[in-house]
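The values are calculated or read from the model by the stated rules, or taken from the named source; none is laboratory data. Worth saying up front: this structure is predicted, and the values here are computed from it rather than measured. Here Cβ is always computed from backbone atoms with ideal geometry, including for glycine, and neighbour counts include all displayed protein chains. Side chains are part of the model used for accessible areas, which takes the heavy atoms of the whole protein and leaves out ligands, DNA and RNA. Shrake-Rupley method; radii C 1.70, N 1.55, O 1.52, S 1.80 Å.
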Amino acid sequence: MGVDSSDATANSASGGLQLTLELEHPDCWMREVTAATSARLLVNAAYLVGEQVKAHVVAYAESADAVDALVAATRASDHTYAVTEMDTRRSFGGISAPVNKATSTLLVEYGPEESIHDALVSHGFMNQEPIRIRDGTEYWTVAIDESRATIQEKLDAVCAQKDASITVTQITSATTGSRERDGLAIRQLSDKQREVFELARKRGYYDYPRAVSGSELADELGIAKTTFHEHLRKVEATLLGPRDADRY
């Protein structure tokens with residue numbers, strides 16, 4: 001079992017589609033602790049060692065107190081066996097971590113039956129980025145070399161196997177050039193920018209006619225309308241290029 005983002009990218013399908021998924025499944029400590037605290041998680045790598053999964057994760061938040069609360073909740077969870085805080089002064093190659101946030105790097109051990117990764121991989125879904133978890137929901141970017149009809153069948157099979165709920169929020173062509181370019185652009189977004197953009201896309205802000213206003217989305221996010229539009233402007237400039245973004 002491996003959720004190592006670099007290995008998964010190297011082994012991903014050369015064609016097919018790239019999907020952005022929002023998913024939930026029971027008995028998951030990551031969902032539990034992010035739902036109970038204001039902190040979030042990035043899963044950089046996870047491996048099956050013996051009969052346990054060992055995951056390298058980064059907990060992060062606006063404050064050190066929020067990170068400490070998540071670490072404490074992780075230690076107290078019935079779904080974790082051991083939690084080790086790693087030395088954040090050292091550099092770990094290939095590890096993604098948010099900038100300008102309070103962080104804690106953890107090695108967490110838990111049971112493979114409480115992970116959904118193997119179910120996804122066994123059905124052909126190859127992870128493309130570090131997994132993000134916030135507010136009890138996991139966010140995955142995966143590639144698969146199958147038709148759309150087959151993809152739905154496979155997602156239904158994963159849901160049945162793990163009693164999971166999976167929503168596909170985006171499907172794009174996974175041609176090598178566009179995937180590498182889009183993946184680089186997405187990784188340049190801040191966590192808040194990604195949250196704003198994903199909510200806008202999910203609620204129909206980019207539909208025609210527009211299904212929701214910027215003011216409504218700003219209220220839902222608890223930010224000012226001007227802040228919402230500033231986040232979107234930066235997202236569009238990153239994903240589309242400054243010249244294209246100016247048209248919106």
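Here are some notes:
- Here the range 17-173 was treated as a single set of alpha-carbon atoms; its pair distances binned every 5 Å from 0 give 2, 9, 18, 23, 19, 15, 9, 4, 1, 0 percent.
- Members of K54/K234; K101/K234; K154/K192 lying beyond 25 Å, as alpha-carbon distances in this model show: K54/K234; K154/K192
- Per residue, the range 17-173 exposes an accessible area of 45 Å² to a 1.4 Å probe, with every protein chain left in place.
- Karplus-derived 3J(HN,Hα) values for the range 150-155, using 6.51 cos²θ - 1.76 cosθ + 1.60 with θ = phi - 60°, are 5, 4, 4, 4, 5, 5 Hz; glycine and proline are entered as x.
- With a Förster radius of 35 Å applied to the C-beta separation of K225 and D145, the computed FRET efficiency comes to 0.25.
- The stretch between T172 and D135, if pulled fully straight at 0.36 nm per residue, gains 10.8 nm over its current Cα-Cα span.
- Heavy atoms of R31 accessible to a 1.4 Å probe, total area in Å² rounded to 10: 60 Å²
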